[in-house]
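Novice: Take this structure first; my questions come after.
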Amino acid sequence: MNVYFSNVYDHSSINSFNDLKKKDYFDNTVLYLDTNLCVYLRDFYDTPSLFQRSHNERVVTEVKSFLRNVIENNVRINYEFGVEESCRNKQTFQVNYDKAFQMIDSLKNVLSMNYYQIVEHSKLIKPNNQIKDISELQTSKIDNLEVDSSFKDLVTIMYASLLKLYLIEKNSVNRKRHELLMQYLNFLDKELDMYSASYILLGHYFFSETPKMKKMIHPKKKDISHTFQAIWNASIDLCLTVLVPSKINNSNGVPIFVTADEKLHKIIDSLKIKAMFDNGSNYMYPPVVEINLEKVKWNDQELQILNDFENGIAKRRQQDIILMAKYEKSYKSKLIENARVLIMELEKEIIELLSGK
């Protein structure tokens with residue numbers, strides 16, 4: 001396990017906390033923690049002895065090191081997204097407020113310690129009084145799309161995209177991997193009618209990478225409910241690649257995405273945004289989003305084929321982009337409704353596939 005830092009507004013990578021400290025914007029950073037990291041910190045505080053028995057030495061060391069760095073450097077922390085995701089009911093997607101308040105208290109307490117207290121705390125044996133989610137999983141996530149959340153519209157689009165990725169990969173026998181990506185990009189362009197950098201990058205990593213990236217949407221249990229839950233969870237995690245950078249407008253600081261998930265880090269760290277701001281930290285013009293494919297594992301021939309294919313889509317969509325910007329509200333409403341229809345169809349296909357029909 002490693003703790004990864006990403007800033008889409010900085011075109012150089014951040015390889016460690018010490019790297020982050022060297023940035024000229026360090027004193028103005030806000031660290032946005034993902035769900036996994038929030039859970040690690042909560043568990044370390046709530047059940048220190050159990051936490052150390054349940055994880056290898058590397059994980060324990062990384063958690064302590066992260067705590068020491070943020071506390072000693074008085075860095076601002078935001079855990080709203082991590083707490084919200086981890087405290088939503090698996091069945092209804094409603095927030096369990098008792099669980100959320102308990103988790104917030106634990107995070108506040110562990111982040112208020114000094115390093116000596118952290119070391120001493122790790123020696124404690126405490127009973128596990130954490131509130132658990134024991135709800136049963138569902139065989140569809142359609143109803144969850146209606147629940148208000150920080151992720152609502154984004155997760156609808158991302159969930160549709162990941163369902164399609166899952167189906168393409170399941171039907172990939174005797175097909176070249178760049179052809180699978182082209183099928184996914186066609187889905188974004190022609191069916192979902194949304195061609196955005198985060199979703200394009202997701203496809204590149206998913207089809208060019210080792211099986212590690214694909215594990216993101218493949219649960220250990222292969223039944224319908226666990227499959228949909230795994231895809232749903234991955235959808236929420238991937239929403240953070242969009243939500244955290246958007247905080248530049250209202251966080252009064254530079255948003256840094258912090259995760260213990262290497263797969264998630266690879267995707268967001270390959271996105272770079274060029275933007276101009278007014279004195280109120282609002283965009284003066286729509287930001288320019290760049291995709292860095294240096295870490296994506298295509299060979300030269302595959303890259304050439306994909307570049308030609310993607311350039312064709314981009315050229316065809318140029319006029320659409322102008323119209324989308326002009327009628328943004330209407331386009332967004334249509335996009336979400338279209339994604340819902342696609343989700344119903346894609347879930348049905350997966351159910352039939354896993355049921356052997």
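The values are calculated or read from the model by the stated rules, or taken from the named source; none is laboratory data. Fair warning: this is a prediction, and the values are worked out from it, not measured in the lab. Because the Cβ atoms are built from the backbone with ideal geometry, glycine has one as well, and the counts that use them run over all protein chains shown.
Novice: Kindly indicate whether Ile231 is of a type outside the set (Phe, Trp, Tyr), outside any helix (DSSP H, G or I) and either closer than 25 Å to Met344 by Cα or not assigned by the TED database to the domain that holds Arg317 (or both).
Specialist: Here the answer is no, as Ile231 does not meet what is asked.
Novice: Let me spell it out: the conditions are (1) surrounded by 17 or more Cβ atoms within 10 Å (Cβ to Cβ); (2) modelled with pLDDT of 95 or more, and Asp19 meets all of them except one. Which number is the exception?
Specialist: Here Asp19 clears every test but (1).
Novice: Quick one: would you say Lys132 is surrounded by 13 or more Cβ atoms within 10 Å (Cβ to Cβ), part of a loop (DSSP other than H, G, I, E, B) and at pLDDT below 95? Before you say what the answer is, go through the steps one by one.
Specialist: Values: surrounded by 13 or more Cβ atoms within 10 Å (Cβ to Cβ): no; part of a loop (DSSP other than H, G, I, E, B): yes; at pLDDT below 95: yes.
No; evaluated as a whole, the condition is false for this residue.
Matching residues to (1) more than 13 Å from the chain's Cα centre (by Cα); (2) at pLDDT below 75; (3) surrounded by fewer than 18 Cβ atoms within 10 Å (Cβ to Cβ):
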{"position": "Ala260", "(1), (2), (3)": "no, no, no"}
{"position": "Ile267", "(1), (2), (3)": "no, no, no"}
{"position": "Tyr283", "(1), (2), (3)": "yes, yes, yes"}
{"position": "Val289", "(1), (2), (3)": "yes, no, yes"}
{"position": "Glu294", "(1), (2), (3)": "yes, no, yes"}
{"position": "Asp300", "(1), (2), (3)": "yes, no, yes"}
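Novice: Would region 153-162 turn up any residue that is modelled with pLDDT under 95, touching a Cys at 6+ places or on another chain (Cβ under 9 Å), outside any helix (DSSP H, G or I) and closer than 30 Å to Phe101 by Cα?
Specialist: No, region 153-162 has no match at all.
Novice: Just to be sure I understand, how many residues within region 26-62 are touching a Lys or Arg at 6+ places or on another chain (Cβ under 6 Å) and closer than 26 Å to Thr241 by Cα? Can you show your working first?
Specialist: Filtering region 26-62 down to residues touching a Lys or Arg at 6+ places or on another chain (Cβ under 6 Å) leaves 30, 47.
If we keep only those that are closer than 26 Å to Thr241 by Cα too, we end up with 30.
Number of matching residues: 1.
Novice: Would you confirm whether or not region 194-201 contains a residue that is closer than 23 Å to Ile351 by Cβ and touching a residue at least 40 places away in the same chain (Cβ under 8 Å)?
Specialist: As a first pass, look at region 194-201 and keep what is closer than 23 Å to Ile351 by Cβ: none.
Within region 194-201, none of the residues are closer than 23 Å to Ile351 by Cβ and touching a residue at least 40 places away in the same chain (Cβ under 8 Å).
Novice: With the structure loaded, tell me whether His178 is crowded, with 18+ Cβ neighbours inside 10 Å and assigned to a helix (DSSP H, G or I) or whether it fails that test. Give the steps one after another, and end with the answer.
Specialist: Details: crowded, with 18+ Cβ neighbours inside 10 Å: yes; assigned to a helix (DSSP H, G or I): yes.
When the stated conditions are applied, His178 passes them.
Novice: Here's something else I'd like to know. Anything in region 215-243 that is at pLDDT 90 or above and β-branched (Val, Ile, Thr)? List them, or say none.
Specialist: Those that are at pLDDT 90 or above and β-branched (Val, Ile, Thr): Ile224, Thr227, Ile231, Ile236.
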